[in-house]
1. Please find, within the range 73-111, the residue that is modelled with the highest pLDDT out of those that are hydroxyl-bearing (Ser, Thr, Tyr) and part of a helix (DSSP H, G or I).
2. Filter the range 22-48 down to residues that are more than 8 Å from the ligand (Cβ to nearest atom) and hydrophobic (A, V, I, L, M, F, W, C) and give me whichever is farthest from residue 84 (Cα to Cα).
3. Here is a list: 45, 65. Which entry is within 16 Å of residue 93 (Cβ to Cβ), touching a strand residue (DSSP E or B) at 6+ places or on another chain (Cβ under 6 Å) and modelled with pLDDT under 80?
4. Return the residues of the range 7-42 that are at pLDDT below 90 and surrounded by fewer than 11 Cβ atoms within 10 Å (Cβ to Cβ); say none if nothing qualifies.
Amino acid sequence: MTIDTAFKMIESALHGQALTACPLCGSRSEMWERAEDGTAAKAVCCSHGDPLVCMPDDGIVSGGCPLYMPPEGFYRATYREAAKTWNAAAAEFVQMRAEAATPEQLQTEQSYADLCSELRQEREMLASVLQAVLKDPSNQEAISLAKTALGQATGVEQ
Ligand SMILES: [Zn+2]
């Protein structure tokens with residue numbers, strides 16, 4: 001026997017719950033209903049499901065936000081319970097992160113989307129300066145630019 005599962009997004013006007021933004025990536029959160037075997041479970045999910053193609057090596061990030069498909073414990077019988085579970089988990093996560101992070105880490109913390117676009121810019125710049133060096137290996141300016149770009153891309157201090 002196969003289990004017939006259907007997911008449906010519920011508009012906020014219908015569920016009427018205040019939802020905290022995703023604590024992991026800051027994206028909008030959405031209420032979803034999962035219909036399965038005659039029961040309908042509700043869960044709040046992160047709306048960020050697009051793979052971040054600039055970071056193909058990161059197994060978690062490249063599949064979108066981990067909370068796009070939240071764990072089974074987020075599924076509840078009612079909208080109110082689902083919202084409560086999500087909001088409590090989000091608050092706890094933010095609290096845990098605040099306790100774990102040093103002030104310096106908090107300052108440099110960015111959403112995945114910001115990080116993604118920054119990494120892409122860095123890689124593009126790196127590629128262009130490396131090309132300049134390959135074209136003219138004696139060009140001191142290009143070499144110096146490449147060194148700077150490499151330092152930025154790898155986080156190495158100059
Ligand atoms: Zn998220």
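1. Applying the filter and picking the extreme gives 79.
2. By that ranking, first place goes to 35.
3. Numbers: 45 fails: modelled with pLDDT under 80.
Result: 65 is the single residue among 45, 65 that is within 16 Å of residue 93 (Cβ to Cβ), touching a strand residue (DSSP E or B) at 6+ places or on another chain (Cβ under 6 Å) and modelled with pLDDT under 80.
4. Scanning the range 7-42 gives 37, 38, 39.
The values are calculated or read from the model by the stated rules, or taken from the named source; none is laboratory data. Just so you know, these numbers come straight off a predicted model, no measurement behind them. FYI the Cβ positions are ideal-geometry reconstructions off the backbone, even for glycines, and counts take in every protein chain you see.
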